[in-house]
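The numbers here are math on the coordinates, done by the rules we state, and not lab data. Computed from a prediction, not measured in an experiment: that's the story for all the values here. Cβ placement follows ideal geometry from the backbone for every residue including glycine, while neighbour counts extend to all protein chains displayed.
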Amino acid sequence: MDRDCVNSKQQALAIRSSAGVAVWSSKGPKDAYQHRPELPKEDTKIARSITFSPDGKFLAYTNGIDVKILTTSDWKLKCSLPRPKAFYLKFSPRGTYLVTWELYTCDGGEEVFSVVQKKQTDWEPSWSNDESLFALMIGGEAHFYELAISSAKPEDGFQSKVKTVGCGRGGVLSLAPGASPPYLAFYTPGTTKGAPSMCKIYKYPNLGANETVACKSFFQCDNVDMRWNKRGTGLLILTSTEVDKTGASYYGNQALHFMSIKGDSCAVTLKKEGPIHDVQWSPKGNEFVVVYGYMPSSATLFNLKCDPVFNFTDGPMNCAYFNRFGNILLLGGFGNLRGVVSVWDLTRKHKLATLEAPDSTYVEWSPSGEEFITATTAPRLRISNGFKVWHYSGALLHETMWEQGQELYGVEWQKFPDGHFKENPISRAKVEGIKSSQPTASKQAYQPPNVRMMMKGDGASGGAFVPQSTIPGLPPGYTSSAAKKNQKNSDKPKKPRNNKNKNQQQQQNGGGSQNQTPNSAAGGEPTTNGDGPNNAANTTPKPTPRNNNHNNNRPKSKGNNHG
């Protein structure tokens, strides 16, 4: 592609929001990203997808009426496709074709191929780098179409398939990048109980049963994710099961395997137990990084022999991103994590910066490899939508937040062909940035309200602090009418105790004499109230024993024997 069709000074950003589709740009590191009059903008409420071609020559987006394709050299309309329900967009490696759920040429918008794909996942076809081979999975079979790129109408190759290979239900096909004819990998799930799943590598067009280049089998596998390196010489296979039969994990079990076009295959050994969060190849193609383990998770850099090269510092992370040159690595913790990001210099194996980008749902390196963008988008999060542009040194270069009630759906850097930007040496010099307008989360430990009020000095001037309970939805310190009544009753002076029952008991036990001496009350000999010892009429009788069986005459209740 001619370099005249892209502006090397402007790294454009395509933005899709509730207000419509627009392209923003910046003229330099100190210039803010904003929409400029010469850049395209369209107001629409239905903007489902937006994407650049791999070489940055075209920009395609949907508006709910049709699919529009613009040329980035002058931002003029190239063609319009009458596809109001197009939901996903994807360009071919050279930008010749655009895939929605149908296929069109970008020059005239002519439909050249159509197929029904009921699933929204794994619908994308596979291409060779020179677009001479087109392949996709249909009903458990891999269909191959050869396009004569040297002919006047290479799209005529879509009229009939040249090869068909059965992979079974749930099979996966992946074409390797690199030189053509390409290598390709087939995944075939186990068909019967106890049969292992298989992954085989072939060299197109040799797809016979005895023409495999490499083969790997594994038993515990319900889903597979195959990732080639940029050279097309190594393949990483991430297998996962939906249910962990050992009960160690609620989210199933995962394993990582490696295969090469030389016929080598092995399992990648990890030093820590737990899930595999992310696997990414370096753009150089000779290393890959794995983020794995229970929190705080670990990250390790491996070579093509699956030997660990470097262990990064453990922390709350679940994502890894290489810049386009493979000399800087970003490790971050997003989703249900706080958004702590660490930036590493892979040449010196040194940490460059640590920053926080909370609530980020999208991360991408710029084409220059020196800045990256973090964005908070809907529908994942519908508040605090916006994006930030960072320098690899940790400096915040730009920030744009959407107003309350508006939503940001997506943001994407403009693509550039390989070789457009040169790899600059990594500098440790400080870059001047701006301060974020978003409030930062408090790092203090949680303290109950009564402890916080005591630390402020409430109650220190004499009275003791009395914690007040709060009722959800009402102001602090509010008390209900029932609580006020109980408090009022507790403040009333207590009445003297009624001794009527006590006097009756004393009369029953001691004869009721008011002139009884302490000795008689204590059980001594009876005394007389007369003038002499011969006055027997006034002799106090001995107390009669209490009838402890006075309840025996009461009717017994059913089921309760008080005997």
Could you give the spread of the C-alpha atoms of the stretch 181-269 along their three principal axes, from largest to smallest, in whole angstroms?
-> 44, 29, 16
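Output the peptides 37-43, 20-26, 71-77 sorted from most to least packed, where packing is the average of other Cβ atoms within 10 Å over each peptide's residues.
Result, highest mean first: 20-26, 71-77, 37-43.
Hand me the chymotrypsin sites (Phe, Trp or Tyr not before Pro) from the stretch 271-332 located in a DSSP loop with no more than 13 other Cβ atoms within 10 Å, in residue order please. Before the final figure, lay out each step's value.
On the way: sites: Trp281, Phe288, Tyr292, Tyr294, Phe302, Phe310, Phe312, Tyr321, Phe322, Phe325; in loops: Tyr294, Phe312, Phe325.
Sites meeting the loop and neighbour criteria: Tyr294.
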Mean 1/r over distinct Cα pairs of the stretch 152-197, inverted to a Kirkwood Rh in Å, yields 13.4 Å
Would you please name the GluC sites (Glu not before Pro) within the stretch 214-306 that are DSSP coil residues with at most 11 other C-beta atoms within 10 Å of their C-beta?
-> Glu242, Glu273
Compute the label zone of Lys349 within the stretch 221-263: residues whose backbone N is under 18 Å from the point 7 Å along Cα-to-Cβ.
-> none
GluC sites (Glu not before Pro), restricted to the stretch 138-181: which are DSSP loop and have at most 12 other Cβ atoms within 10 Å?
-> none
Summing +1 for each Lys or Arg and -1 for each Asp or Glu, what net charge is found among the other residues whose Cβ lies under 11 Å from the Cβ of Cys266?
-> 0
What are the residues whose amide H is under 5 Å from the amide H of Lys163, where those residues sit 5 or more places off or on another chain and H is modelled from the backbone?
-> Phe144
Phi-based couplings in Hz for the stretch 72-85 (Karplus 6.51, -1.76, 1.60; Gly and Pro marked x) = 7, 6, 10, 6, 9, 5, 8, 7, 10, 10, x, 10, x, 9
When you count, for each residue, the other Cβ atoms within 10 Å and take the mean per peptide, how do 198-205, 372-379 rank with the highest first?
-> 372-379, 198-205
Environment charge at Lys200 (Cβ cut-off 12 Å; Lys +1, Arg +1, Asp -1, Glu -1) = +1
